[in-house]
1. In a GNM of the chain with a 10 Å cut-off on Cα contacts, which of 42, 313, 345 has the highest mean-square fluctuation?
2. Enter the per residue convex hull volume of the stretch 135-233, computed from alpha-carbon coordinates, in Å³ rounded to the nearest integer.
3. On a 0 to 90° scale, report how tilted helix 145-154 is relative to the longest principal axis of the chain, with both axes built from alpha carbons and the result rounded to the nearest 10.
4. When each pair of different Cα atoms in the chain is counted once in the 1/r mean, what is the Kirkwood radius in angstroms, to one decimal?
5. In a GNM of the chain with a 10 Å cut-off on Cα contacts, which of 222, 258, 406 has the highest mean-square fluctuation?
6. Return the Rg/Rh ratio of the stretch 172-226 with Cα-based radii and a Kirkwood Rh.
7. Got a sec? How would 81, 34, 266 order by Cβ neighbour count within 10 Å, fewest to most?
8. With all distinct Cα pairs included, what does the Kirkwood hydrodynamic radius of the stretch 1-134 come out to in Å, to one decimal, could you say?
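Values quoted throughout were computed directly from the atomic coordinates according to the rules given, and no laboratory measurement underlies them. Treat the numbers as computed from the prediction; the structure is a model and nothing was measured. Note that each Cβ is placed from the backbone with ideal geometry, even for glycine, and that neighbours are counted across all protein chains shown.
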Ligand SMILES: C[S@@+](CC[C@H](N)C(=O)[O-])C[C@H]1O[C@@H](n2cnc3c(N)ncnc32)[C@H](O)[C@@H]1O
């Protein structure tokens, strides 16, 4: 059973049972490597992303068609994936139903008639069912109810536009490596190859149609990096000068490390606790033709790696809920729990406390999350400042094409939801 539909059903079932999507992809592709090629992998990924993006709508369809509990979870997920394809996909309806019924027969021969009946019933009632999804917040907005309520409380004016953006396919944004190529030259290459794009800044381009890495012109040569526009603001906000010492305290996979090094001649230490991820920092810097001192260690154990020389600038891009980047990491909305935010806050304050002594007087530390919830943002800074009196919060100048509330970037067409705070040591 090497169909992309069954693969997508198995992978998304793993996620709905609590597993991380990237790890589920990795496991499935490894176990089924003989059947896989790049084209199949691309199709499976696209179906999984959409089935998870619209999960509550699809589940609502199923609950309306089959009010009782479906015992076989794989058959249930197969129906979810099939309805996703019948609603948003481009395969002919009857061919897809036949394929799915045959797959169901192989999973459990007794379920093929049931599967056939559900899908044909779905096709007959699809338009009515789509209208009915407006009846509940979850089936209308495709997020867990607690998440929708939390957003409504946090963003009374913007919650609906945030949800709308987070349910969209993310833009494919490229950052030019100005040490290797100019924007004008890269634009010429895109035009010559018939690739449509728009510009967000003098070093940022958005491709109108997303491409895989091997299709991106100059990717392997290090001309460009895939990075959201919101993440590209770091190098300006940090107010770095050539010759300074910089600590990137949570560096992997090295997106922001690379950007700083493309723009400034600095002594940079890239710290990363996870050895596999530290290796990715190396690989990314090699691709870009850049060097840094990559250290595989924890910022909480400074005696293991710090040479007692304080830094002019520190970037602290902490692990967080990822609530601002859900459209790129679609499993987050089903894997997170409401209680997770307090746990993240506790760890984030701790990391800030650990790294603060490493900053010089008059030095600047940029605290970053890709979260849109205050527990991990304003509340972390408030808690830190209650205990530490040698801190001055600096005003950040954001570009005009960003959507934000204070220092909180709100997910929009142009960028994901990041939070920035610039702290100076006095
Ligand atoms: C949000 S990611 C950083 C993204 C990175 N700045 C970029 O732009 O590509 C956070 C990283 O911090 C690492 N990390 C977590 N705890 C750490 C610690 N105590 N010391 C160093 N790195 C840590 C995680 O493994 C993860 O790779």
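1. Per the Cα network of the chain with a 10 Å cutoff, 42 tops the list.
2. It comes to 133 Å³ per residue, whole-number rounded.
3. Roughly 40 degrees, rounded to the nearest 10.
4. Hydrodynamic radius (Kirkwood, Cα pairs) of the chain is 23.5 Å.
5. For the chain, modelled as a Gaussian network with Cα springs under 10 Å, the answer is 406.
6. Rg divided by Rh gives 0.89.
7. By the 10 Å Cβ count, ascending, the order reads 34, 266, 81.
8. Roughly 15.0 Å, rounded to one decimal.
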